[in-house]
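The values are calculated or read from the model by the stated rules, or taken from the named source; none is laboratory data. Keep in mind it's a predicted model, so treat the numbers as computed, not measured. All Cβ positions, even for glycine, are placed from backbone atoms using ideal geometry, and neighbour counts span all protein chains on display.
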Amino acid sequence: MGEEVKLHGTWESPFSFRVIWDLKLKGIAYEYVEEDLINKNALLIYYNPVHKKIHVLVHAGKPGLAVWRTFRSTSEELEKAIKESLGMLEIVEEHGLLGDNKYFNGEKIGMVDI
């Protein structure tokens with residue numbers, strides 16, 4: 001990867017641990033930043049200005065929040081995103097979840113399996 005990866009999280013968050021497990025399984029080096037949710041770090045607020053919550057995965061100085069990928073500014077964009085998501089779910093349902101595979105993506109464990 002070659003670029004810095006940081007995870008802002010808390011020790012009690014199962015969601016933070018899911019990201020940690022996924023990064024470790026994939027062999028991705030990262031820096032963990034423990035957040036105090038009572039006294040929020042300025043970086044946490046900068047990377048997640050809408051919710052100001054954890055977990056935040058930062059790659060190359062940019063937050064990788066799933067919410068930003070699905071956020072749409074117009075109802076037409078939202079409707080299109082919903083149709084695309086439903087289409088993807090139909091493909092998953094048609095092909096079965098695991099079939100003969102050990103994991104969702106075949107023989108290699110991934111985030112979906114966690």
Lone qualifier among Ile54, Ile28 - being assigned to a loop (DSSP other than H, G, I, E, B) and modelled with pLDDT of 80 or more: Ile28
Identity of the residue in region 2-25, more than 20 Å from Tyr47 (Cα to Cα) and in contact (Cβ under 8 Å) with a residue 40 or more places away in the chain, that ends up farthest from the chain's Cα centre (by Cα): Leu25
Where a residue in region 59-84 is under 28 Å from Leu7 (Cα atoms) and assigned by TED's automatic domain parsing to the domain that holds Phe15 and its partner, wherever it lies, is modelled with pLDDT of 65 or more and assigned to a loop (DSSP other than H, G, I, E, B), with Cβ under 6 Å and at least six apart: Ala60/Glu3
Every residue from region 62-96 that is modelled with pLDDT under 75 and within 20 Å of the chain's Cα centre (by Cα): Gly64, Leu65, Ala66, Val67, Trp68, Arg69, Thr70, Phe71, Arg72, Leu78, Val92
Looking only at region 1-25, and only at residues there that are of a type outside the set (Ser, Thr, Tyr) and in a loop (DSSP other than H, G, I, E, B), the one that is nearest to Tyr103 (Cα to Cα): Met1
